[in-house]
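Worksheet: the structure to be examined is printed underneath.
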Amino acid sequence: MIRLFAVAFLLLLSMALPARAHVVEAGADLRVTQSFAAGEVTLVVAGVSRVPASLRVSAQAVHPTSLRLELELRSLTDGSRSTGSVSVGQSAAALRAGHVGPHELRVRAGDEVSLIPLRVVVPTSAPWTMLMDGAFLVAGLLVVGGVLAGRMSRLVVGGASAAASLAVAVMLLAPYLPAAQPEGAAPVADPGRPYAQGRFSTSPALPATGAEFTLILRLTDGATGRPLDDLAVHHEAPAHLVVTSEGGAVFRHVHPLRTGPGVLAVRLRVPHPGRYLAYAEIERQDSGGQLLSGAFEVSGAAPPDASSQETATPRVTPAAPAAGSPATIEISPEGPIKPWLGMPGHLIVRSGDGVHLAHVHGTAAGASALRFTLTLPEPGRYLAWAQYAVEGRLVTRSFTLEVRR
Ligand SMILES: [Cu+2]
């Protein structure tokens, strides 16, 4: 009887373990993609389960690059700092995080600096998990004590049964009980924050064809007018910036650096003069996504060669897509595709007049095809760019879509 009870108890204990292992969400890696002039890098900050901790930061890139990043992690709570450096594809830097809460990761590549806000969060147990653990412990101690003492009094068996029953009851109820808020997490705000207002500018004010310039996006809160500094990382970046020349011959999809509160900047160089359209995809914390747009001019003379884009001939189904009805676009990549920004492929579609911009994600359709599905609301001619990563290379293929009425 006692042995049976002990076996049953151990069985219950082993069942209880996986339920506790679910509270690791806060330990997920943070991936932040940043476009430096020397190349695009995805910083990977590995999650931690307790503090103080050594925060491991590594750097990945689609293009092979010898970019070296100087890192500094600063606590916004007490100002404590830890420094290190990391090269793309090399071993991770270990930065010391003394406590949970808001931090800023300063990343320097050459003379460019990005200030990445991040929050060190560690999982905590909900009070009910402590109750469950405590009840299992009491039951275990009573059983072990009884076995060691050589006799199981009715009181011991009764107490152990009661404690085990309580623990099992809590364990069974666990999926319906609230999870604990991780330590260091931001307080949950009411969903939906005011719109972000974005203003694009360039430095210098009139960039020249072929010369490097900085495209700046200043974000303000639509309600307070103050700098907006609560961007959530979505699709591995705080902001996705698409820049196209008005006619569509030039296309850039980059991930600007945060240079200060509410200020995003990225260095660009374009081969054509004229008017450029810029679009930023952002997401405020606890809010939905938003698209901001603007325009700027580039001076200079047009080069003799009009376009240097790689083009694609996709398979479009139906062959003549209609406005308001879904169309499927299939592209054949040059080789096995690797995820880029967490997805097998990206398709960005712009209306000729620049008013409409769509960004959809593709699915791998077998080994040699990438499939996108999208619906365009208005008839007309659209410019499209499909992007995917193949071994060591980010490929952008352009084509046009005619959408009928
Ligand atoms: Cu992006």
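The values are calculated or read from the model by the stated rules, or taken from the named source; none is laboratory data. Worth saying up front: this structure is predicted, and the values here are computed from it rather than measured. Protein only, heavy atoms only, side chains kept; ligands, DNA and RNA dropped before computing areas. Shrake-Rupley method; radii C 1.70, N 1.55, O 1.52, S 1.80 Å.
Quick notes on this structure:
- Three-way shape label, region 299-382, alpha-carbon gyration tensor, a/c 1.5: oblate
- For the chain, with all protein chains in place and a probe radius of 1.4 Å, 57% of the accessible heavy-atom surface sits on carbon or sulfur.
- The residues of region 25-120 expose, per residue, 47 Å² of accessible area to a 1.4 Å probe.
- Per-residue ellipticity at 222 nm computed for the chain from its helices equals -5500 deg cm²/dmol, with DSSP H segments shorter than 4 residues left out and the rest contributing -39,500 (n - 2.57).
- Principal axis extents of the C-alpha atoms in the chain (largest first, rounded to whole Å): 97, 53, 44.
- Per residue, in Å², the accessible surface of region 196-298 once ligands and nucleic acids are set aside, probe 1.4 Å: 39 Å²
- Contact order normalised by residue count of region 196-298, Cα under 8 Å, 6+ apart, percent: 32 percent
- Annotation: the antiparallel percentage among DSSP beta bridges lying fully within the chain is about 95.
- For region 196-298, the spread of Cα positions along each principal axis, largest first, Å: 39, 24, 19
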